[in-house]
Each structure stands twice: as C-alpha cells, then as structure tokens.
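Encoded as structure tokens, the structure appears first; notes follow it.
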Amino acid sequence: MSKISLINDSSVTQNVDAIVNAANNMLYAGGGVCGAIFSKAGYEELTKACKQYAVPLQDGQAVITPAFNIFNANYIIHAVGPNFNTKPNALKELYMAYYNCLKVLKENNLTSISFPLISAGIFGGNLENPVATSTASCLSAYDTFTKENPYYDINVLLCAYSKSEFEEASQVSVSYTHLRAHETGAYL
C-alpha cells in the first residue's frame with residue numbers, strides 16, 4: 001500500500017531509492033538543498049551526469065541521475081520548480097514538478113522517494129505561504145499518481161527542514177481527511 005509521510009528533517013539524508021533535488025533549469029549546483037546534494041554527491045560527478053541532459057529544462061520537468069557519493073540513496077531526481085518571483089501564477093508547474101518525480105520514480109522501477117519543499121525557499125516569491133502551497137501541490141500530485149497507479153506501491157517522504165516549515169506543512173496536511181498528525185510527523 002502506498003504511503004506519504006511529512007517529516008521534520010532533511011530530504012538529503014533519508015534512506016530511500018531516490019532523493020529529489022529542487023533543481024534550477026540549467027541543472028547547475030545551487031544553494032539550499034541543491035547545494036547540499038551537489039556537495040554530498042560529489043560536485044564533479046554530479047555536474048558531469050547533469051550535462052547529459054539538454055538544458056534548459058522547463059518548469060515542472062524532472063530527470064534522474066545516479067546519487068554517486070550519497071550512500072543513503074541510489075538516485076537523485078532533479079525537479080525544476082517554478083520561481084514564483086518571476087512566475088507568480090505557476091501553480092500547475094509546481095504540481096507537475098512533484099508529479100513528474102513520481103513518474104520518473106516508477107519509470108525506473110523505484111518505490112521510495114524523499115522530497116524537499118519545492119519552490120518554498122528563495123523561489124517562493126510573493127506567495128502568501130510558499131510552504132503551504134508546496135505541501136498542497138505534493139499531496140495533490142501524490143493523490144493523482146496513486147489513483148492512476150493503484151497497484152504500484154510507493155513510499156513518499158515530504159521533508160520540512162525547519163520546525164516552522166514542519167508546523168506550516170502540518171496545518172495543510174490535516175485538511176486532508178485521511179491524515180493524522182502527531183509530534184514526530186504527520187502520516188499522510
């Protein structure tokens with residue numbers, strides 16, 4: 001049975017088949033979770049793997065590379081979330097970033113994945129609540145994917161790095177009737 005969980009931790013350190021990089025459209029090393037992934041995986045190896053893709057990628061696209069020196073995961077799925085500073089209405093693209101990661105997961109016969117809150121940091125722009133928007137997009141993409149693929153079980157971890165992000169994301173998660181929140185995480 002598929003499962004989604006909200007946890008207060010780094011997406012980079014989870015023991016999963018694939019971790020998600022909140023990537024820029026050129027697949028360059030960046031800051032935040034992207035910088036942490038490049039640093040942990042090995043800058044040269046990951047940069048070389050990313051150069052195999054034709055860039056720029058479009059908002060919402062997702063591609064996969066090996067995880068190299070990240071030993072808690074085998075793969076990195078690079079998802080391009082929209083920059084709400086320049087595209088304030090890009091909600092569909094945010095949803096597609098999450099959904100396309102799940103498609104790439106299945107296409108590679110993988111079953112577990114950890115997400116950061118895509119486009120909730122510096123790409124959050126003028127959104128009233130970037131964490132809530134990102135959380136809702138992830139939940140919606142998960143619901144659609146599991147309905148479309150009822151016999152393909154996946155384990156999804158949505159990772160809110162800071163306590164405040166976790167609290168904001170938890171508020172969104174409780175609006176879904178099939179969720180129950182508690183101190184160590186909200187099991188969605």
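So in the range 51-173, what percent of DSSP beta bridges are antiparallel if you round to the nearest 5?
55 percent
What does the net charge come to around ASN109 if you take all other residues with beta carbon closer than 14 Å to its beta carbon, with K and R at +1 and D and E at -1?
Here the charged neighbours net out to -1.
Can you tell me how the range 1-109 classifies by the Cα gyration tensor, rounded, prolate or oblate, using a/c under 1.5 as the rounded cut?
Rounded.
Counting only heavy atoms of protein chains, what accessible area per residue, in Å², does the range 73-185 have with a probe of 1.4 Å?
Spelled out: the 1.4 Å probe surface of the range 73-185, per residue, equals 49 Å².
Which distance in Å, rounded to a whole number, links the C-alpha centroids of the range 15-52 and the range 86-110?
That distance is 17 Å.
Quick check on the range 57-147: take the gyration tensor over C-alpha atoms, sort the square-rooted eigenvalues as a ≥ b ≥ c, and tell me if it's rounded (a/c under 1.5), prolate or oblate.
prolate
Order the peptides 162-174, 132-144, 110-122, 65-77 from the highest to the lowest mean number of other Cβ atoms within 10 Å of their residues.
110-122, 132-144, 65-77, 162-174
For the cross-link pairs LYS106/LYS147; LYS3/LYS103; LYS106/LYS163; LYS92/LYS147, which exceed 20 Å when the distance is taken from alpha carbon to alpha carbon?
Table pairs above 20 Å Cα-Cα are LYS106/LYS163.
Where does each of 12-25, 84-97 land if you order them by average Cβ count within 10 Å, highest first?
Those peptides, ordered most packed to least, come out 12-25, 84-97.
The values are calculated or read from the model by the stated rules, or taken from the named source; none is laboratory data. Source: prediction; values computed, not measured. No Cβ is skipped: glycine too gets one built from the backbone with ideal geometry, and neighbour counts run over all protein chains shown. Accessible surface areas use protein heavy atoms only, side chains included; no ligands, DNA or RNA. Shrake-Rupley method; radii C 1.70, N 1.55, O 1.52, S 1.80 Å.
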